[in-house]
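A quick write-up on the structure given underneath.
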């Protein structure tokens, strides 16, 4: 096969040989460019995977320490005092009644976090005074660390009225 290519090449005049070599060179250059792009992408993916592997190795190396801290926390936390989604809703309603303010609750959202389940409920309050919100927060504080306020948004009307949206979270040990 190489002999046929050589014979074909020699049978051409100088201008055709030059054009043939130029075409082969440009085709090789384009092919090489594609290979370089693919190589860059593979190199970047390899580097990202090596970084993820290093992170995973670090986390795995900290496994015993994390387990020890989890065991320590589990010893302090009384599983009977943790709140499921329904108990969280009931506790929030009691706190809102204690503060004597109107409210609307959202449905509880639950996230599975390994040995824990995290529950979050949003509670919206119409226009009230900051004193009523302080009373509500003090009522919630009695349930800590099992129920906590994770986020609060206040919106004032400029005349002393304030509306609020609280995200209240609780956890329970997964069974």
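Read the figures in this text as sums done on the coordinates, not as results from a lab. Just so it is clear, the model here is predicted, and its values are computed rather than measured. A quick note on method: Cβ atoms are made from the backbone with ideal geometry, for glycine too, and the neighbour counts reach across all protein chains shown.
Quick one: angle between helix 85-99 and the longest Cα principal axis of the chain, in degrees between 0 and 90, rounded to 10, please.
Tilt relative to the chain: about 50 degrees.
What is the ratio of the Cα radius of gyration of the stretch 1-46 to 2.2 N^0.38 Å, where N is its residue count, to two decimals? It would help to have the intermediate numbers written out before the result.
Values: Rg = 16.2 Å, N = 46, 2.2 N^0.38 = 9.4 Å.
Here the answer is 1.72, to two decimals.
So what's the angle, to the nearest 10 degrees on a 0 to 90 scale, between helix 63-76 and the longest Cα principal axis of the chain?
Here the helix axis deviates by roughly 10 degrees.
Just need the relative contact order of the stretch 65-163 here, percent rounded to a whole number, with Cα pairs under 8 Å and 6+ apart. Present the calculation step by step, with values, prior to reporting the outcome.
On the way: 92 pairs, mean separation 25.0, N = 99.
That works out to 25 percent.
If the elastic network links every pair of Cα atoms under 10 Å, which of 93, 16, 69 fluctuates the most in the Gaussian network model of the chain?
Comparing 93, 16, 69 in a Gaussian network model of the chain, the most mobile one is 16.
Normalising by the residue count of the chain, find the relative contact order in percent from Cα pairs under 8 Å and 6+ residues apart.
Details: 179 pairs, mean separation 34.4, N = 175.
Rounded, it is 20 percent for the chain.
Only one of the values (1) 0.94; (2) 1.11; (3) 2.16 was calculated from this structure for Cα Rg over 2.2 N^0.38 Å; name its label.
(3)
With a point put 7 Å past each Cα toward its Cβ, work out how far residue 131 is from residue 34 in nm, to one decimal.
7.8 nm
Have a look at 99, 113, 29 and tell me which one the Gaussian network model of the chain (Cα, springs below 10 Å) gives the largest fluctuation.
Result: 29 has the largest fluctuation of those listed.
Between the stretch 94-111 and the stretch 14-74, what is the separation of their alpha carbon centroids in Å?
50 Å
On a 0 to 90 degree scale, rounded to 10, what angle separates helix 130-141 from the longest Cα axis of the chain?
Once rounded, one gets 80 degrees.
Rank 32, 125, 133 by mean-square fluctuation in a GNM of the chain with C-alpha springs under 10 angstrom and give only the top-ranked residue.
32
D for the stretch 128-175, whole µm²/s, Stokes-Einstein with Kirkwood Rh over alpha-carbon pairs at 4 °C and 1.567 mPa s: what number? Could the numbers behind the result be given before it?
Values: Rh = 12.0 Å.
Value of D from the Cα-based Kirkwood radius: 108 µm²/s.
Quick one: what Rg and Dmax do you get for the stretch 79-173 from the alpha carbons, in Å?
13.5, 47
Return one quarter of the surface area of the convex hull spanned by the alpha-carbon atoms of the stretch 1-90, equal to its mean projected area, in nm².
14.1 nm²
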